[in-house]
Amino acid sequence: MKVLFTFYVPSGGVDTLNRLRTAVLKRHGIEAHLLYLNTGSGLQNNSDTPIFTVSRDEDIHHLIHTQHYDAIIATSDIAMPGRLRGLGYTGRIIYEAQGLGTREQALETIQMAVPYLQAHCDAAVLPPTDHLLDMFIHICPWLHRFVISNMLDTDTFAPILVDTPPYPVLAWVGRLEHNKNWREYLTISSKIIKKNPKARLWLFHDPTLANPEDEVMFRHMLAEYGLEDRIGIFINVPHSQMPTFYSMIAASGASSCPLHCLKDSAMPSLKPSVVAARYSVRIRTVCVHLSHIIRLESSTRSAMSRQLSPKQRTL
């Protein structure tokens, strides 16, 4: 059996998820390929999975008619199923709901996707996120649903012996955009540093995916809080090196803050695997209070979630 996963760009959580699941599928005799419409920093992390980075119809047509995939999983892109059918693909198409953003953004996307799902898709796969499951049940009751938790390689993401940093590390990993709460990370860190001046910030991100307005605001807030000389910014760190950094953060005795921002009644797009990776390396972790994160908290004592106030949701 041969399957293809499609997505916009090889970066972030979907890139990690694709590498993990293609490896697992291979162990079970299923050949999995990846199609990205654009290049991205995640290409540096690939092992032996066939990856294609093409976006032209003629190139995608050539791919699907030479590889003869039994099924294609289209992640996030609601236009891809129809595009595949238009290019002559007759196999099974599964739509995957990943990275749909806030609750309002997810609702808008799923409502827009209804005609495409009805016309072209055989099923949908989604993570165990309450609001996504509720939307698919009520908006697309006719569509087969497969609820699958995001994956984590606990063999790779495990504590390792490292040199302990000479200061407590306050870390954040994510994209600089409005629904990733880097603002609260800076606010919390500035207050911690007032009590413990030795603490330092480590921020990991991919600048090619950052929102330009958020980047400007980020620099402004760094200066406002006086943190410019207290932060280390790590760009496009290979996935294989992250367990080392996480182990150093854990050894420093501080915490990692994968905090995502809530705006009005919005739900953030924080993936459980992001938090689980910290848990696995024993980092004390702070995150917003979400249904799919609560499931992880129940099995660890290294996590704390918190509700954001209405004022914080509009930051």
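Against the conditions (1) within 23 Å of residue 242 (Cβ to Cβ); (2) modelled with pLDDT under 90; (3) touching a helix residue (DSSP H, G or I) at 6+ places or on another chain (Cβ under 6 Å), residue 161 satisfies every one except (3).
Residues are listed down the side, and each one gets a yes or a no for (1) open to solvent by less than 20 Å² (accessible area, probe 1.4 Å); (2) more than 26 Å from residue 145 (Cα to Cα); (3) more than 21 Å from the chain's Cα centre (by Cα):
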site	(1), (2), (3)
22	yes, no, no
51	no, yes, no
75	yes, no, no
84	yes, no, yes
94	no, no, no
99	no, no, no
108	no, no, no
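Give the residues of region 191-220 that are open to solvent by less than 20 Å² (accessible area, probe 1.4 Å) and more than 26 Å from the chain's Cα centre (by Cα), sorted by residue number. If the condition is that a residue be open to solvent by less than 20 Å² (accessible area, probe 1.4 Å) and more than 26 Å from the chain's Cα centre (by Cα), then 193, 199 are the ones that fit.
Scanning region 85-104 for residues that are at pLDDT 95 or above and more than 20 Å from residue 18 (Cα to Cα) gives 85, 86, 87, 88, 89, 90, 91. Restricting the first member to region 45-65 and to residues that are modelled with pLDDT under 95, and the second to residues that are among the polar types (S, T, N, Q) and surrounded by 14 or more Cβ atoms within 10 Å (Cβ to Cβ), the beta-carbon pairs closer than 7 Å and six or more apart or on different chains are 49/22. Take the conditions (1) open to solvent by 40 Å² or more (accessible area, probe 1.4 Å); (2) within 30 Å of residue 177 (Cβ to Cβ); (3) modelled with pLDDT of 95 or more; residue 39 misses just one of them, which is (3).
Rundown of residues vs (1) more than 29 Å from residue 209 (Cα to Cα); (2) assigned to a helix (DSSP H, G or I); (3) more than 24 Å from the chain's Cα centre (by Cα), yes/no style:
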| position | (1), (2), (3) |
| --- | --- |
| 112 | no, yes, no |
| 118 | yes, yes, yes |
| 124 | no, no, no |
| 137 | yes, yes, no |
| 152 | no, no, no |
| 157 | no, no, no |
| 161 | yes, no, yes |
| 172 | no, no, no |
| 178 | no, no, no |
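Annotation for region 201-210: no member residue is of a type in the set (A, V, I, L, M, F, W, C), in contact with a Cys (Cβ under 7 Å, 6 or more places away or on another chain) and over 20 Å from residue 228 (Cα atoms). For region 128-187, residues that are surrounded by 13 or more Cβ atoms within 10 Å (Cβ to Cβ), free of Cβ contacts under 8 Å to residues at least 60 places away in the same chain and among the acidic types (Asp, Glu) total 1.
The values are calculated or read from the model by the stated rules, or taken from the named source; none is laboratory data. None of the values given here were measured: they were computed from a predicted structure. Glycine gets a Cβ as well: all are built from the backbone with ideal geometry, and neighbour counts include every protein chain shown. Heads up: the accessible areas ignore ligands, DNA and RNA and are worked out on the full protein's heavy atoms, side chains in. Shrake-Rupley method; radii C 1.70, N 1.55, O 1.52, S 1.80 Å.
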